[in-house]
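**Q** Starting off with a structure, shown below.
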Amino acid sequence: TNPIYTLVNLKSFDRNRKLISGKFTLSLTSHHRLKTIVLSDNRLSGEMPSAVAGLPRLYTLYLDNNKFSGQIPAINQTSLRFVNFSGNLFSGVVPRTVALMQFNKSSFGSNVDLCGPQIGLECNPNGPAMSPTLSIFATKEPLQHKHRKWLSRKWKILVAAVSGGVLILLIVCLL
C-alpha cells in the first residue's frame, strides 16, 4: 500500500520544487484533516481531482507552475485563504464559488484558456472555451502587442531625449 495512507492525521503536504512528475495522487484527497497542499514548481500533469473540493479544512492550495490541465473543480471550502493555479494548462470557466471568487487574476494567470470574473476575462456565451491549440496561437497576438507598446514607448523616450538635447544645444549656440 501507499505509505501516505498510513498518515491519517496529515495536516500539511509540502512537496514544493521536488521535480515530481505524474498525476495528482488521489490518496492525498482522502485525508480529511489536510489543511495545506503545496505542490508548486514540479512536473505534475493531468486533471486536478474534484475530490479536492471535499477536503473540509483546506486552507492553502498551491498547484502553480506544473502541467495540470482540464477544468478547475468547484472548490468552495470556507476555510480556503491561499490559492495559486497559475502557470498550468487549465482551461474553461473558473468556478464562481464563494471561495474562489475571493481570489484575483494572479491566482489563475498563465494558463491555457481560463475565463471568468476572477481573472477579468468574459467567457464565450456561445459555447465552451477555445481549444488549447487555438488559444496558444491567440495568446501570441497580445504578447506581440505588448512588445510593440514597449518598443513604441522606448522610441518616444529616445525621441524626446534627442529633441531635448538638440534644443539645449541650440540654446547654447544662440547665447
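**Q** If only Cα atoms are counted, what is the Rg of segment 44-98, and what is its Dmax, in Å?
**A** When restricted to Cα atoms, segment 44-98 yields Rg and Dmax of 10.6, 27 Å.
**Q** Also, quick follow-up: Whose amide H sits under 5 Å from the amide H of Gly70, counting only residues 5 or more places off or on another chain, with H placed in the peptide plane?
**A** For Gly70, the qualifying residues are Ser91.
**Q** A further question on this structure: Using 0.36 nm times the number of residues separating Ala161 and Ser79, minus their current alpha carbon distance, what extension gain do you get?
**A** Values: separation 82, 0.36 × 82 = 29.52 nm, distance 5.38 nm.
Full-extension gain reported as 24.1 nm.
**Q** Quick one: with all protein chains in place, what share of the accessible area of segment 33-108 is carbon or sulfur, to the nearest percent (1.4 Å probe)? Mind dumping the intermediate values first?
**A** Details: 1580 of 3310 Å².
The C+S portion of the solvent-accessible surface of segment 33-108 is 48 percent.
**Q** May I ask you to evaluate 6.51 cos²θ - 1.76 cosθ + 1.60, the Karplus curve with θ = phi - 60°, for each residue of segment 109-116 and list the ³J(HN,Hα) values in order in whole Hz, giving x for glycine and proline?
**A** Along segment 109-116, the couplings run x, 6, 10, 4, 7, 9, 9, x Hz.
**Q** What are the ³J(HN,Hα) couplings of segment 46-61, residue after residue, when phi is run through the Karplus curve with 6.51, -1.76, 1.60 and θ = phi - 60°? Round to Hz, x for glycine and proline.
**A** Computed from phi, the couplings for segment 46-61 are x, 7, 7, x, 5, 4, 4, 5, x, 7, x, 10, 4, 10, 10, 9 Hz.
**Q** Still on this structure, I have one more. Using modelled backbone amide H atoms (1.01 Å from N, in-plane), which distant-in-sequence or interchain residues come within less than 5 Å of Leu44's amide H?
**A** Lys67
**Q** Less than 10 Å Cβ to Cβ from Leu19, Lys/Arg counted +1 and Asp/Glu -1: what total charge do the surrounding residues give? Walk me through the numbers before you get to the answer.
**A** Working: positive: Arg15, Arg17, Lys18, Arg43; negative: Asp41.
That works out to +3.
The values are calculated or read from the model by the stated rules, or taken from the named source; none is laboratory data. Since the model is a prediction, treat every value here as computed from it, not as a measurement. Cβ sites come from the backbone with ideal geometry, for glycine too, and all protein chains shown count toward neighbours. Protein only, heavy atoms only, side chains kept; ligands, DNA and RNA dropped before computing areas. Shrake-Rupley method; radii C 1.70, N 1.55, O 1.52, S 1.80 Å.
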